[in-house]
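Have a look at the structure below before the remarks.
The values are calculated or read from the model by the stated rules, or taken from the named source; none is laboratory data. Predicted model only: the values in this text are computed from it and were never measured. FYI the Cβ positions are ideal-geometry reconstructions off the backbone, even for glycines, and counts take in every protein chain you see.
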Amino acid sequence: MRKSDLLRRPVRDIELRGGKGVGDLVAQMEAGGGFTAKKLAVGVDILRAMFRDPKCVTFLSFPAALVATGVRGILRTLVQRKLVDVVITTCGTADHDLARTWKDYYHGDFEMDDVELHRLGVNRLGNVLVPNESYGIVLEKKLQPWLREMYRKKKAWSTKELLWEFGRRTESPASILYWCSRNRIPVVVPAITDGAVGYQLWAFWQDHKDFRIEEFRDETDLADIVFTAKRTGALMIGGGVSKHHTIWWNQFRGGLDHAVYITTAPEHDGSLSGARVREGISWGKVKETARQVTIDGDATALLPMMVAAALERGR
């Protein structure tokens, strides 16, 4: 490679220009060539490509904690506007999405007296406060009658069917599950028992032993999606089962064509949360030719800006 090939694009300063939106700011961040800012701008460009391509099946994966925050509204927008085609997440997403449909969560702080909070019946999720009455108590009150009615309808449910039915019954446009149900966007939870909703399912099963969750039918749905997709892309936030299930299924079609990953985890411990997208190339979970980027940072700060910038030039 020649030196002249390397030195083609000079770094430009970011200018705060009146009347310009977040899309213009992100474009300047790319031109500014600054560390994570440039990665964010590249991520926005990849998101635009996925959102605009009608033949690209777009996966959205994320952990539950985000749904306890205002970023729930950003995630809801993605399914409400049909910008994503498949959601893969954890049981806590159903917990928080349903609980916040009926009760409020509250502002707290990372530095609080957790012993005192426990004595008051208030759970702390980072700097978000979740009173018992806004979580397990309300979920039991609402879900057990629903499950009795659903049981009379049929005994076996996939996680997609279960969460679509929950979303439909909320009748709440504030709910992510409501929009997944209304827009028929598959929402798959591989670890459905790992949360408050999962506990309610188990509690119901105690007296209804022929009630069952058929997760293999979710896997069949995912297989049908990836094997017939012309192209696939993914917006992945955080690691764990939701990220892995997304890249795992895409390996069977030769890997993702587009991938944007947001994480706060370090790479050096070998965890999936810390694994950069490029590591997935070695497994065949991301194509060698894929447009991909890993962005280090907190999704509660980054995701609203990225989605807003991507939507300024809509699908």
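Data for the structure
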{"item": "Number of the condition not met by L129 [criteria: (1) crowded, with 20+ Cβ neighbours inside 10 Å; (2) touching a residue at least 60 places away in the same chain (Cβ under 8 Å); (3) farther than 30 Å from W249 by Cα; (4) touching a His at 6+ places or on another chain (Cβ under 8 Å)]", "result": "(2)"}
{"item": "Breaking point among (1) free of Cβ contacts under 8 Å to residues at least 40 places away in the same chain; (2) buried (at least 24 other Cβ atoms within 10 Å of the Cβ); (3) hydroxyl-bearing (S, T, Y), for Y105", "result": "(2)"}
{"item": "Residue count, segment 139-181 (criterion: among the aromatic types (F, W, Y) and surrounded by fewer than 19 Cβ atoms within 10 Å (Cβ to Cβ))", "result": "2"}
{"item": "Qualifying helices (runs of 4 or more DSSP H) (wholly inside segment 220-315; at least 1 residues being in contact with a Pro (Cβ under 6 Å, 6 or more places away or on another chain))", "result": "240-250"}
{"item": "Test: residue in segment 263-273 that is touching a strand residue (DSSP E or B) at 6+ places or on another chain (Cβ under 6 Å), modelled with pLDDT of 95 or more and surrounded by 23 or more Cβ atoms within 10 Å (Cβ to Cβ)", "result": "no"}
{"item": "Qualifying positions in segment 219-264 - small (G, A, S) and either in contact (Cβ under 8 Å) with a residue 40 or more places away in the chain or more than 16 Å from R291 (Cα to Cα) (or both)", "result": "A223, A229, G233, A234, G238, G239, G240, S242, A259"}
{"item": "Flag if G284 is within 20 Å of T58 (Cα to Cα), of a type in the set (G, A, S), crowded, with 18+ Cβ neighbours inside 10 Å and over 18 Å from the mean Cα position of the chain (by Cα)", "result": "no"}
{"item": "Contacts under 8 angstrom Cβ, first residue in segment 65-79 being touching a residue at least 60 places away in the same chain (Cβ under 8 Å) and under 16 Å from G239 (Cα atoms), partner of a type in the set (S, T, Y) and in a helix (DSSP H, G or I), 6 or more apart", "result": "L66/T300; V67/T93"}
{"item": "Residue check for G255: surrounded by fewer than 22 Cβ atoms within 10 Å (Cβ to Cβ), touching a Gly at 6+ places or on another chain (Cβ under 6 Å), at pLDDT 95 or above and among the small types (G, A, S)", "result": "yes"}
{"item": "Hits in segment 287-315 (condition: β-branched (V, I, T) and more than 20 Å from P54 (Cα to Cα))", "result": "V293, T294, I295, T300"}
{"item": "Filtered residues of segment 182-202 (kept if surrounded by 17 or more Cβ atoms within 10 Å (Cβ to Cβ) and of a type in the set (S, T, N, Q))", "result": "Q200"}
{"item": "Selection status of T36, touching a residue at least 12 places away in the same chain (Cβ under 8 Å), surrounded by fewer than 17 Cβ atoms within 10 Å (Cβ to Cβ) and β-branched (V, I, T)", "result": "yes"}
{"item": "Residues satisfying the stated conditions in segment 290-311, i.e. surrounded by fewer than 14 Cβ atoms within 10 Å (Cβ to Cβ) and in contact (Cβ under 8 Å) with a residue 12 or more places away in the chain", "result": "D298"}
{"item": "Number of positions in segment 64-92 that are surrounded by fewer than 24 Cβ atoms within 10 Å (Cβ to Cβ) and closer than 16 Å to Y199 by Cα", "result": "3"}
{"item": "Tally, over segment 203-218, of residues that are surrounded by 13 or more Cβ atoms within 10 Å (Cβ to Cβ) and without any contact (Cβ under 8 Å) to a residue 12 or more places away in the chain", "result": "1"}
{"item": "Single unsatisfied condition, D95 versus (1) of a type outside the set (G, A, S); (2) buried (at least 22 other Cβ atoms within 10 Å of the Cβ); (3) within 12 Å of the chain's Cα centre (by Cα)", "result": "(3)"}
